[in-house]
Amino acid sequence: MTQPTTQSGSGLVPTVGQTVGPFFHDALPWPGDRHLVAPGDAGAVRLAGRVLDGEGAPVPDALVELWQAGADGRPATAPGSLRRDGHTFTGFGRCATDEEGWWSFTTLPPVTPRGGAVAYVSLAVFARGLLDRLLTRAYLPGTPVDGTSGDGVLDGVAADRRATLVMAADDPGYRFDVRLQGEGETVFLCWPRDPRAGGR
Amino acid sequence: MTGTSPACSQAQIDDEIASLALDSTAGEDRDPAGLRGATRLDYAPYRSTVLRHPTKALHPADPEGLEMWSPVFSHRDVAAVESDLTIHPQGEPIGERIRVTGRVLDGDGRPVRGQLVEVWQANAGGRYIHQRDQHPAPLDPHFTGMGRCLTDEAGHYSFTTIKPGPYPWRNHLNAWRPAHIHFSLFGTEFVQRIVTQMYFPGDPLLPLDPIYQGIADRGDRDRLVASYAHDLSEPEFLMGYRWDIVLTGAHRTPAEET
Ligand SMILES: [Fe+2]
């Protein structure tokens, strides 16, 4: 039963996700996980926000991952996220939420990925009570939400929901709340080869 | 852990699970709600999902952008000893020593090479070292229950560990999680990112578990259960289990350069 099963036409049937549960804190975080650059670095910004549930209450047992392009707009290809050397930008970070649902990264200012039209970062969200991970994007403050940004993902989202994908300026950086449900529910994304694109 | 509503019985949970099951009489091809191939997020038998599932459909994005690449890990990130959860400076953990191994493949059957695999689990008594685990089973001073490895050139991963015990939780009265190991995996694209759980064959708790049953399709559920593999067992040392993991299909061909 555990051998990969063929799905007619499109390769193997993917393994499905399960909740990260409540007990990931000893395993998934690591020292320096949220500091893609050292907090004191010139040019470092803070990218922070809260994870909130359908009643607006903080989610204190969520985990947020950040994936962003290097300063040159290319996807980072350097290893070493788990043993940071203090100068290599790996593009990847991880932060468990605190009791108030806050997560926070110290990183470079988001740039426009090569071939793209506007600057954004990619986020993955996990939580107890969330049966599978969610992916979303956080665009720079000021990115047009009138459908003229030139970014196919943002412009393709229903007009009244685009703003959920745009960060707020919050010196010395940016604020981005993830609302799992309800008023201002964050837009979560899927890609063509992902069976999650089906209903559920 | 949850328990916002008055605790209900396993029988009530069983009824809810049955009422939400894919209609088995409708035949294998019917999946009108598109539930196959994914875990449902809106699944009330797992009570904590109620306020934590999105109500809107996922927004389909074109296959371009940053998510077509993935973080890169190497032996700089992970030491070889991290794949053996039974190594502890002060002594050996209690329990049934096992090895869990398998391959990580992408949706086209290509091995996922040199990528990070992370695991965490309860000890043999069903207790996590996590400070919020209040299950009154003993902690094992020689077992932390966490490991990491990198897949090899053929996509293989391997962990030596202790078989985890089932543990109680507060979803409903007398709720017990089937024995499981949590897995976290990366592919070659961030869209392939997955966290899941591996279960053990023949576990009587599987039909009763609202986390496992949140997966609508029986085949999808079965694929989270490892196989006992006698060829992996070692005389007078450990029991072997095999479990392969398939990530979603990659959008970028491997030869494409950044
Ligand atoms: Fe668990």
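The values are calculated or read from the model by the stated rules, or taken from the named source; none is laboratory data. All values reported here derive from a predicted model rather than from experimental measurement. In this analysis, Cβ positions are derived from the backbone assuming ideal geometry, glycine residues included, and neighbour counts consider all displayed protein chains. Calculation scope for accessible area: heavy atoms of the full protein, side chains included, ligands and nucleic acids excluded. Shrake-Rupley method; radii C 1.70, N 1.55, O 1.52, S 1.80 Å.
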Taking only protein heavy atoms into account and a 1.4 Å probe, give the accessible area per residue of segment A:24-179 in Å².
-> 35 Å²
Report the calculated FRET efficiency for B:D84 and B:H156 (r = Cβ-Cβ distance, R0 = 22 Å), to the nearest 0.05.
-> 0.90
Could you tell me the total accessible area buried at the B-A interface, probe 1.4 Å, in square angstrom to the nearest hundred?
-> 8100 Å²
In whole Å and largest first, what semi-axes does the C-alpha gyration tensor of chain B yield when each eigenvalue is scaled by 5 and square-rooted?
-> 29, 28, 17
Low-density loop positions, chymotrypsin sites (Phe, Trp or Tyr not before Pro), segment B:202-257 - DSSP coil, at most 15 other Cβ in 10 Å | B:F237
Sum of -39500 (n - 2.57) over DSSP H runs of 4+, divided by residues of chain B (222 nm, nearest 500) = -1500 deg cm²/dmol
Can you tell me the relative contact order of segment A:24-179? Whole percent, Cα pairs under 8 Å, sequence separation 6 or more.
-> 28 percent
In whole percent, the Cα-Cα distances of segment A:1-126 spread across 10 Å bins from 0 upward as 12, 35, 29, 20, 5, 0
The base-10 log of I(q)/I(0) that the Debye equation returns for segment A:66-196 at q = 0.14 Å⁻¹, one scatterer per C-alpha, is -0.68
On average, how many beta carbons from a partner chain sit within 10 Å of the beta carbon of a residue in B:102-110?
-> 4
Averaging sequence separations of C-alpha pairs under 8 Å and six or more residues apart, then dividing by the length of segment B:184-258, give the relative contact order as a whole percent.
-> 28 percent
Hey, any idea what % of the protein assembly as shown's accessible area is carbon plus sulfur with a 1.4 Å probe?
-> 53 percent
Taking R0 as 51 Å, what's the FRET efficiency between B:D15 and A:H87 from their Cβ-Cβ distance, rounded to 0.05?
-> 0.30
Would you mind classifying the protein assembly as shown by shape? Square roots of the alpha carbon gyration tensor eigenvalues, ordered a ≥ b ≥ c; an a/c under 1.5 is rounded, otherwise it is prolate if a/b is larger than b/c and oblate if not.
-> rounded
Point-to-point label distance, A:H25-A:E55, nm (Cα→Cβ direction, 7 Å offset) = 2.1 nm
Expressed in square angstrom to the nearest 10, the accessible area of B:T144 with a 1.4 Å probe stands at 60 Å²
Given +1 on the Cβ of Lys and Arg, -1 on the Cβ of Asp and Glu, and no further charges, what dipole in debye does the protein assembly as shown carry about its Cα centre, rounded to the nearest 20?
-> 180 debye
What Rg and what Dmax come out for segment B:146-258 when only alpha-carbon atoms are used, in angstroms?
-> 16.4, 54
